1. Counting other C-beta atoms within 10 Å, and keeping those with at most 10, which DSSP coil trypsin sites (Lys or Arg not before Pro) do you find in the stretch 150-238?
2. Using a 1.4 angstrom probe and counting only protein chains, how large is the accessible area of Glu72 in Å², to 10?
3. What net charge do the residues around Leu10 carry, taking every other residue with its C-beta under 10 Å from that of Leu10, with Lys and Arg at +1 and Asp and Glu at -1?
4. Checking the table Lys84/Lys128; Lys124/Lys168; Lys48/Lys160; Lys96/Lys198; Lys84/Lys124 against a 21 Å threshold on Cα-Cα, which pairs fail?
5. Roughly how many whole Å is it from the C-alpha centroid of the stretch 111-151 to that of the stretch 1-79?
6. Under the definition of Cα pairs under 8 Å and six or more residues apart, what whole-number percent is the relative contact order of the chain?
7. Just to confirm the number: angle between the C-alpha axis of helix 17-28 and the first principal axis of the chain, 0 to 90 degrees, nearest 10?
8. By how many degrees, 0 to 90 and rounded to 10, does the Cα axis of helix 199-208 deviate from the longest principal axis of the chain?
Amino acid sequence: MKRLEGKTALVTGAARGIGLEIAAAFAAEGASVAIADLSPEEAAAAAKDITAKTGSKAIGLGLDVSKEADCERAVQETAAAFGKVDILVNNAGVTKDNLVLRMKEADFDLVMDVNLKGAFLMAKAAAKLMLKARTGRIINISSVVGQTGQAGQANYSASKAGLIGLTKSLAREFAPRQVLVNAVAPGFIRTRMTEGLKDEARAKISEMIPLGRMGEPGEVAKAALFLAGEESAYITGQVLAVNGGLYM
Ligand code: NAP
């Protein structure tokens, strides 16, 4: 029996990168998946690809996670397609890096709106169904820089640290209804978000990482799969670091 047979999952920011790997890993374990992303066309294409590769049902949805109406619609459309929403992965995220004195207020607000408020809005929309069903999993994709801070990323690291506080608060609030809420905190993972790094910066980062290399999106997906499945039934309010030992 596959690990997520009969389950349904909604993954945001899932048209590419870590989100796509998470959705594909869930589908490979039998889950029906909703791929939600800014571009409905890219979300639909990713969904088609996942169904072709895994045989599991997948739909693509367009949404901007910083808009409450979009979040509610995405949850409703997922429930309409699959009958329920068992697992929510808040993965959509953006960076707008700069040193604080050069960082524009709009760039601070955008990163907070997508990375932190977006997770709150999605959790709120999905929790309406999960609390009623008395079961559910919410997985927030935070970051190592939410744990350590990072020069040039005050907005991003604040949003990712905020996600950890949100995770723990939701975990406490939803625990009486058996809705488990955890975070994954990836280190440096090879996706579009990090592909702009110069070779020199990449080499320096790898030197700082005890395991000596950047991580792969599939390695983050395995942690999300663990937190979505039965193996983690007694785990809530935790942060699972997937960072090669970069922060311990
Ligand atoms: P990515 O390749 O840039 O993918 C992010 C996805 O989120 C994109 O498809 C993007 O859509 C979508 N998105 C952006 N804004 C959105 C919005 N308002 N509503 C809905 N979707 C939106 O990034 P990634 O590296 O896979 O990152 C995934 C998550 O992991 C993020 O939360 C990131 O902060 C976190 N993370 C990444 C790393 C890393 O090293 N890569 C490390 C730690 C944590 P568009 O393509 O249309 O913009």
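The values are calculated or read from the model by the stated rules, or taken from the named source; none is laboratory data. None of these values were measured; they are calculated from a predicted model. We place every Cβ from the backbone using ideal geometry, glycine too, and count neighbours over all the protein chains shown. Just so you know, the surface numbers come from the protein's heavy atoms only, side chains and all, with ligands and any DNA or RNA stripped out. Shrake-Rupley method; radii C 1.70, N 1.55, O 1.52, S 1.80 Å.
1. Numbers: sites: Lys160, Lys168, Arg172, Arg177, Arg190, Arg192, Lys198, Arg202, Lys204, Arg213, Lys222; in loops: Arg190, Lys198, Arg213.
Qualifying residues, ordered by number: Lys198.
2. 60
3. Here the count lands on -2.
4. Numbers: Lys84/Lys128 11 Å; Lys124/Lys168 14 Å; Lys48/Lys160 31 Å; Lys96/Lys198 17 Å; Lys84/Lys124 15 Å.
Correct reply: Lys48/Lys160.
5. 16
6. Details: 537 pairs, mean separation 45.6, N = 248.
It comes to 18 percent, rounded to a whole number.
7. Taking Cα atoms only, the helix is inclined about 30 degrees.
8. Long axis of 199-208 versus the principal axis of the chain: about 80 degrees.
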